[in-house]
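The values are calculated or read from the model by the stated rules, or taken from the named source; none is laboratory data. Quick caveat: nothing in here was measured; it's all calculated off a predicted structure. Cβ sites come from the backbone with ideal geometry, for glycine too, and all protein chains shown count toward neighbours. Side chains included, ligands, DNA and RNA excluded: accessible areas come from the protein's heavy atoms. Shrake-Rupley method; radii C 1.70, N 1.55, O 1.52, S 1.80 Å.
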Amino acid sequence: MQNITKKICWLLLTIPLLSGCGTLSQMSSPEGTQELLTHESLDGDVDSVVRHYMVQKSVPGMTVAVIHNHGSPQFYTWGVTDAVNRYPVRPDTLFALGSLSKGITAEVVACLVSEGQLNWKDSLATLLPAGTPLSKDAQKITLLELVTHTSGLPRQNMDVPMLGKFIRYLSTGDNFYGDLDSDNVLNYLASWRAPKDKTPQYSNTGYALIGYILKHKTGEDIQSLASRYIFRPLHMANSSFTPQKLKGYPQRALGHAGDQPKFIPRGQLTPDWHFSNNMVAAASLYSNAEDLAAYARYHVSVTHNPLLDSVFDEVRNTDIQRPDGVQGIAWTTDFIGLEKITYQVGYIGGYSSFIGYDKEKGNAVVVLQNTFNWSNYIGIALLMDMAKKDGLTPTPPTSALNSRQTSAVSGQAQPRAAAQPGA
């Protein structure tokens, strides 16, 4: 019995190592990447590094958007949505974004704070319904701690039922975050004890609580709030937390196994993950390269929307120290040499995503792929490549809202055909 208990404890400890987490992402370029980034043109570098990656990782389809020196977005596409439908991936092809959802959600929260509906110092004792069982430590968790992953809450609940769901996921690809999606997430807080040091620690639990809080405090769901504060003002017509309603959903990129799930062959289709309650705000967003390029551009240029300009400025300047950079409101910033690269990554079902920018130089990159792979270094590599080409002379910013249209650059790569989990 003791051995079984030890085995269960060991497996519980390994869940974060297997299930998916931003800290497990391979953000640094593997050996040989620099040899692919030696073309005279940025187009050549993008195409070279992505084609190499797709063959290496057996990725059916990818799309990349690049903004260079505040210029118009340039789009690059390779491959197909899946081996059955074989729709060519285009700049408007929808992908599941997983945890990139958290960036939108956090900025919605920042809008509500700016308007006075919420306060960063609000604690769970006042944010949750009266009578919610909360430990003394849980009562003190603040809204700012939730959005910056500094509450001390774990990535997910670590219990035997979660273990069983996760083990099933490894061979089926099925969603195992059902408890976080339900209001059972509140039950975890009754006996929760805070860690000694509240260093940044990625937490789906924290963002599931934000989803609950938004509905409780505003009476609206995240889709309604995001539409009002983010999507409509920024003309993001193809982004939604309820993606089934989007016009391009039937032709979306379908998710495939890669590094995860462990026991599904690489390149095989995996089930879509669907949420209906609290995890919607944490992981349900679908979008495309066109909308995300515009969204990224608004973080390096002005929008002329006073509320969003102030919110994006606050997001950029909320810095909590990490060993190799800082943690902000949803966004992470790494200091790489002389560069300051701010980014988010997302993993869900059979997808991996990246969005990042270099504020000083006005550069931004979006990378979407329809395979779950920990290797998410392409975005960082391209941002560093542009910084190297740029030297140290930034170009003055232009208005983001005046540069929505751009031409697409398309290339059809030939990855091996299909023959995190999480958020």
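Points to keep in mind about this one:
- Yes/no for PRO233 being farther than 14 Å from LEU124 by Cα and either among the small types (Gly, Ala, Ser) or part of a loop (DSSP other than H, G, I, E, B) (or both): yes
- Applying the set (1) buried (at least 20 other Cβ atoms within 10 Å of the Cβ); (2) out of contact with any Ser or Thr (no Cβ under 9 Å at 6 or more places or on another chain); (3) over 28 Å from ARG322 (Cα atoms) to PRO250 leaves exactly one unmet item: (1).
- The stretch 291-327: number of residues that are crowded, with 19+ Cβ neighbours inside 10 Å and under 12 Å from LYS359 (Cβ atoms): 8
- Selection status of LEU127, modelled with pLDDT of 95 or more, over 16 Å from THR199 (Cα atoms) and touching a Lys or Arg at 6+ places or on another chain (Cβ under 9 Å): yes
- Boolean, TYR76 is in contact with a Gly (Cβ under 9 Å, 6 or more places away or on another chain) and hydroxyl-bearing (Ser, Thr, Tyr): yes
- Some residue of the stretch 337-345 being of a type outside the set (Asp, Glu), out of contact with any helix residue (DSSP H, G or I) (no Cβ under 8 Å at 6 or more places or on another chain) and surrounded by 23 or more Cβ atoms within 10 Å (Cβ to Cβ): no
- Residue within the stretch 91-102 that is over 27 Å from VAL66 (Cβ atoms) and in a helix (DSSP H, G or I) present: no
- Answer residue from the stretch 213-223, given it is open to solvent by 50 Å² or more (accessible area, probe 1.4 Å) and not in a loop (DSSP other than H, G, I, E, B) and is nearest to LEU189 (Cα to Cα) among those: HIS216
- Being open to solvent by less than 10 Å² (accessible area, probe 1.4 Å), part of a loop (DSSP other than H, G, I, E, B) and under 23 Å from ILE104 (Cβ atoms) is not true of ALA226.
- Within the stretch 228-248, residues that are more than 23 Å from THR218 (Cα to Cα) reach partners that are open to solvent by 20 Å² or more (accessible area, probe 1.4 Å) and assigned to a helix (DSSP H, G or I) with beta carbons closer than 7 Å, at six or more positions or on different chains, in the pairs ASN238/GLU290.
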